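Derivation of every value follows stated rules applied to the coordinates shown; laboratory data play no part. Since the model is a prediction, treat every value here as computed from it, not as a measurement. Here the Cβ positions follow ideal geometry from the backbone for every residue, glycine too, while neighbour counts run over all protein chains shown.
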Amino acid sequence: MGKKVYTEKELEQYYDGMKKQHLGPLWYDLGHMVTKEPVHDVEPYLWKWKDIREYALTAGEILEPGKDAERRVVYLQNPSLLERGLVGYGTHTLYAGIQLLLPGEFAPAHQHSQTAIRFIIEGEGAYTAVNGQKVYMERGDLVLTPAWTWHEHKHEGTEPVFWLDGLDVGLVKTMAASFFKPYEDKFYPLKPEENYSNEAFANGSFKKLNETVEPGYPSPIFGYKFDRVEYLLNHMKEEEQDPYDGHAVEYTNPTTGKSADSRVGTMMQKLTPNQHTQAHRHVHSAIYHVLEGEGYTVIDGQKFEWEKGDFFILPPWSYHEHVNTGDTDAFLFSFNDKPVMEKLELEFSEALNENNGYQKVTSTFLPESLNV
Ligand code: 1HN
C-alpha cells in the first residue's frame, strides 16, 4: 500500500466510483467474508408443549387437511430469523412444525425436494405412507419421508395424533433447490405390506435371497420404533456414554452405516437423574424435542429449562450442556444438519476448555407464555 500518494478527495472518488460500478475492495472486506469462526444470526429459543398443543388443537377446529389446507401444522418460528424475513426457520437450515391429524382425517400425497423426518409426540392409529408403504406411527417413533418420496398421512385411530415434522427448509431455500408436486390423486397407490421396512430391516440384517439391496439413499428403513432405541440406550455401558451427549444413539441407514436420512441427522439421548454433560460446540445446528423428563440445557451461558414435550433451538457453534433435574430418565430427541456439514467437509467441534468443561450460567430464558 501507499505506492503513490492519493489525496483524500481522490481516494473518496475512487471508492465511490468503484461502488457505483458494483465492485468492492477486498482489502477492507475480507474479514467480513472469511470470519475466524462461524458467525450467524441464529438465536436459541424454547417453546412450551402446552402452548403449541393448544394452538394445534384450535387449528383442528378451524381447518381440515386435504380440504382447506395441504397440511395442518403449527410451525416453530425462530424470532431472530424472522427479523431477516426468514419465515418458517427454526435454524438457518432446519424447520420444525407440529402436525395434528384428527380421527378419520388424511393429508394428501405429495413429493418435494426437502427431506423430512417425523417424530411422533402423542396418539396412535395414524400412518404415513412412503412411496405407498404404510408405516404406522406410535409415540416415540421416527418415520422418514426422504427427499422426493411420495408421502401422505392418514389417521385410522380414535384420538388426535400429533407429530413433529423436521425438514431442511432453510438449506434447500439457500441452495435455490425447492421443488414441490402434489400427487395426481389423494393417495399414492398403497402396497400390500404394512410396516414392511420396519420389520424386514429391523436390524439391517436380512434380505431375501434374490433381492438386491443397493447401498445408499434412501434408507430401506422408513420407520424406527422407540422401544428399539430405548432398549439400546438402557443397555449402553457407562464407558459407551458420550461426555457431551450422555447415552446417545444416532438413527442409521443399515446400507451405509451413516445417518438414516441423507441430509437430516437424527439422535436420541438419555440422561439419567442428576446427569450433567460437559459443554461443547459444533458447526451443525439442531432442534430438540423433550420426549420424557425434565431438566435444562445451557446454551452460550443461557439456561433453557425444559419438561416433557418442549422444543428448543440449538444454534450453530454454540456451547451447550444438558442437565437432568428430575428423578426419572430424560429422553431428548433431536434432528440436525450434521450430515450436510459432514458431506461438505464443514463439520468441526470443540470442547469448552475452561471451568472444568462447564459454562457459567449468566441468565435464564423466559418462555413467551410466561412473559406476560
Ligand atoms: C410437508 O410435506 C409435510 O408431508 C409437513 O406432512 C410439513 C413443511 C414444509 C414443507 C413440506 C408433510 C411440511 C412439508
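Ranking TYR244, ALA260, PRO189 by Cα position along the charge dipole of region 172-288, where only Lys, Arg, Asp and Glu carry charges on their C-beta atoms, puts PRO189 farthest toward the positive end. Consider a paramagnetic label point 7 Å from the Cα of GLU194 along Cα→Cβ; state which residues of region 107-137 have an amide N under 16 Å from it. Answer for this model: 124-130, 132-137. Here ASP41, ASP245, ASP168 are placed in order of increasing Cβ neighbour count within 10 Å, fewest first, which gives ASP41, ASP245, ASP168.
Taking other Cβ atoms within 10 Å as a rough exposure proxy, LEU271, LEU11 sort from fewest to most as LEU11, LEU271. Region 19-97 and region 173-198 have Cα centres lying 24 Å from one another. Simple spin-label estimate for GLU184 and SER363 gives 5.6 nm between the two label positions (7 Å along the Cα-to-Cβ direction from each Cα). On the principal axes of its alpha-carbon atoms, region 1-111 has extents of 79, 27, 23 Å, going from largest to smallest.
The value obtained for region 261-331, namely the Cα convex hull volume divided by the number of residues, is 82 Å³ per residue.
For the chain, excluding the exposed loop sites themselves (trypsin sites (Lys or Arg not before Pro), DSSP loop, at most 14 other Cβ atoms within 10 Å), the longest remaining stretch covers 238-359. Note on the chain: dipole from Cβ charges, positive end direction compared against SER80, PRO218, PHE180; the farthest Cα belongs to PHE180. When only the Cβ of Lys, Arg, Asp and Glu is charged (+1, +1, -1, -1), the dipole of region 1-54 relative to its Cα centre reaches about 120 debye. Each Lys and Arg contributes +1 and each Asp and Glu -1, all at the Cβ; summed about the Cα centre of region 233-372, the dipole is approximately 240 debye.
The label point for TYR55 and the one for LEU344, both projected 7 Å from the Cα toward the Cβ, are 2.8 nm apart. Rounded, prolate or oblate: pick one for region 160-286, where a ≥ b ≥ c are the square roots of the eigenvalues of its C-alpha gyration tensor, a/c under 1.5 means rounded, and failing that, prolate if a/b is larger than b/c, else oblate. Oblate shape, in that a/c is at least 1.5 and b/c is the bigger or equal ratio. With neighbours defined as other Cβ atoms within 10 Å of a residue's Cβ, the residues TRP47, TRP27 order from fewest to most as TRP27, TRP47. Taking label positions 7 Å along the Cα-Cβ direction at both ASN234 and THR212, the computed distance is 4.1 nm, reported to one decimal.
On full extension of the chain, what length is gained from SER205 through ALA176, given 0.36 nm per residue of separation minus the C-alpha to C-alpha distance? Here the segment from SER205 to ALA176 would lengthen by 6.6 nm.
For the pair region 110-159 and region 210-276, the centres of their Cα atoms are 19 angstrom apart.
Against the chain, whose longest principal axis is taken from its Cα atoms, helix 8-20 shows a tilt of about 30°. Ellipsoid fit via the Cα gyration tensor, region 70-117: semi-axes of 24, 13, 8 Å, each the root of five times an eigenvalue, largest first. Rounded to 0.05, the FRET efficiency of the ARG84 and MET33 pair, given R0 = 22 Å and the Cβ-Cβ distance, is 0.75. Legend: residue pairs LYS67/LYS134; LYS270/LYS360; LYS154/LYS308; LYS50/LYS270, Cα-Cα distance threshold 30 Å; every pair lies within threshold. For region 131-193, a simple Cβ point-charge model (Lys and Arg +1, Asp and Glu -1, everything else neutral) yields a dipole of about 200 debye relative to the Cα centre. Shown for region 234-372 is the translational diffusion coefficient from the Stokes-Einstein equation, using the Kirkwood radius over Cα pairs, a temperature of 37 °C and a viscosity of 0.692 mPa s: 211 µm²/s.
Compared with the alpha-carbon gap, the fully stretched path from ASN353 to GLU250 is longer by 34.5 nm at 0.36 nm per residue. The Cα trace of the chain gives Rg and Dmax of 23.2, 82 Å, the first to one decimal, the second as a whole number.
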